[in-house]
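Asks: The structure's right below; bear with me while I get my questions together.
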Amino acid sequence: MKKAVYPGTFDPITNGHINIIEKATRIFDEIIIAVANITGKNTLFTTEERLYLCRESVKHIEAVKVVEFDGLTVDFAKEIGADAMLRGLRAVSDFEYELQLALMNKYLDKKIDTVFLVPDYRYLYLSSSIIRQVIGLGGRPHDQIPAVVEEAIIKKFEERELKDLKD
Ligand code: COA
């Protein structure tokens with residue numbers, strides 16, 4: 001049984017992340033999507049919402065679990081007995097940041113390696129922040145995110161507008 005942990009903020013999960021997960025199921029027996037509780041990012045969605053959107057978006061894929069984690073990713077990986085860390089590598093711009101994460105994780109725990117997978121071409125420049133921005137400005141990138149995610153972002157922006165009107 002080979003188990004991989006796929007850590008991230010997932011604010012929100014996109015079809016690019018799902019593409020990586022689908023590819024990873026051909027290599028690993030089990031994929032644990034680890035949603036970081038504290039990310040240092042000012043997230044649009046709460047941890048509970050990010051977990052829910054991940055769960056809804058991957059329910060068609062067997063052997064995938066979605067869990068929340070706090071603290072160091074390597075500690076979490078050890079705790080759940082993961083064999084590897086999984087990350088997506090998109091454009092060259094990801095490389096330095098990903099190398100830094102992978103080397104620091106390796107320094108912290110020699111037993112855990114990071115496996116990088118490249119998403120399909122159509123997701124190479126996709127990111128959660130670009131999706132948030134596009135939807136916030138009225139765009140509807142239907143084939144880049146699951147429908148449940150699109151609806152959740154629209155709802156979130158509507159709630160914010162209402163709150164701003166009330167304040
Ligand atoms: N498709 C689409 N987008 C992708 C993607 C893919 N295949 N792969 C990455 N991304 C995007 C995300 O959408 C996100 O975009 P955004 O920043 O524009 O919103 C960006 O790449 C990175 O996000 P994500 O993959 O969620 O990772 P992250 O960099 O936010 O997460 C952690 C980093 C959580 C893994 C890292 O901070 C961590 O391990 N934290 C725990 C504490 C720890 O152990 N620290 C030491 C680490 S060495």
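The values are calculated or read from the model by the stated rules, or taken from the named source; none is laboratory data. In this text, all values refer to a predicted model and were calculated from it rather than measured experimentally. Cβ sites come from the backbone with ideal geometry, for glycine too, and all protein chains shown count toward neighbours. Accessible surface is based on the protein model in full, side chains and every heavy atom, while ligands, DNA and RNA are left aside. Shrake-Rupley method; radii C 1.70, N 1.55, O 1.52, S 1.80 Å.
Asks: Could the peptides 13-22, 113-122, 68-77, 158-167 be put in order, highest first, of the mean number of other beta-carbon atoms found within 10 Å of their residues? Could you put the intermediate results ahead of the total?
Replies: On the way: 13-22: 22.5, 113-122: 14.6, 68-77: 17.0, 158-167: 8.7.
Going from most to least packed, we get 13-22, 68-77, 113-122, 158-167.
Asks: What number in nm² do you get for the chain if you take the convex hull of its Cα atoms and divide its surface by four?
Replies: Numbers: hull surface 40.2 nm².
Hull-based average projected area comes out at 10.1 nm².
Asks: Please report, in debye to the nearest 20, how large the charge dipole of the chain is about its Cα centre when each Lys and Arg carries +1 at its beta carbon and each Asp and Glu carries -1 there.
Replies: Details: 23 positive and 27 negative charges, 53 e Å.
Roughly 260 debye for the chain.
Asks: Alpha carbon centre of the stretch 98-151 versus the stretch 1-78: separation in Å?
Replies: First find each Cα centre; the distance between them is then 11 Å.
Asks: As I understand it, the dipole of the stretch 22-140 uses +1 on the Cβ of Lys and Arg and -1 on the Cβ of Asp and Glu, about the Cα centre. Which of LEU117, THR47, ILE32 lies farthest toward its positive end?
Replies: Checked the options; the winner is LEU117.
Asks: Step through the residues of the stretch 126-143 one at a time and calculate ³J(HN,Hα) from phi using the Karplus curve (6.51 cos²θ - 1.76 cosθ + 1.60, θ = phi - 60°), rounding each to whole Hz and writing x for Gly and Pro.
Replies: After applying 6.51 cos²θ - 1.76 cosθ + 1.60, I find 7, 8, 4, 5, 5, 5, 4, 5, 4, 5, x, 9, x, x, 10, x, 3, 8 Hz.
Asks: Roughly to the nearest percent, how much of the accessible area of the chain is carbon and sulfur, given a 1.4 Å probe? The partial results should precede the final answer.
Replies: Numbers: 5330 of 9890 Å².
Heavy-atom surface of the chain belonging to carbon and sulfur, 1.4 Å probe: 54 percent.
Asks: May I ask you to rank SER93, SER128 by accessible area, largest first, using a 1.4 Å probe over the protein chains only?
Replies: Values: SER93 95, SER128 20 Å².
Ranked list, largest accessible area first: SER93, SER128.
Asks: Sum -39500 (n - 2.57) across every DSSP H segment of at least 4 residues in the chain, then divide by the residue count to get the 222 nm mean residue ellipticity, nearest 500. Show your work: numbers first, answer last.
Replies: On the way: 6 runs with 73 residues, N = 167.
Taken over the chain, the calculation gives -13500 deg cm²/dmol.
Asks: Per residue, how much accessible area does the stretch 3-125 have with a 1.4 Å probe, in Å²?
Replies: Numbers: 6750 Å² over 123 residues.
Value for the stretch 3-125: 55 Å² per residue.
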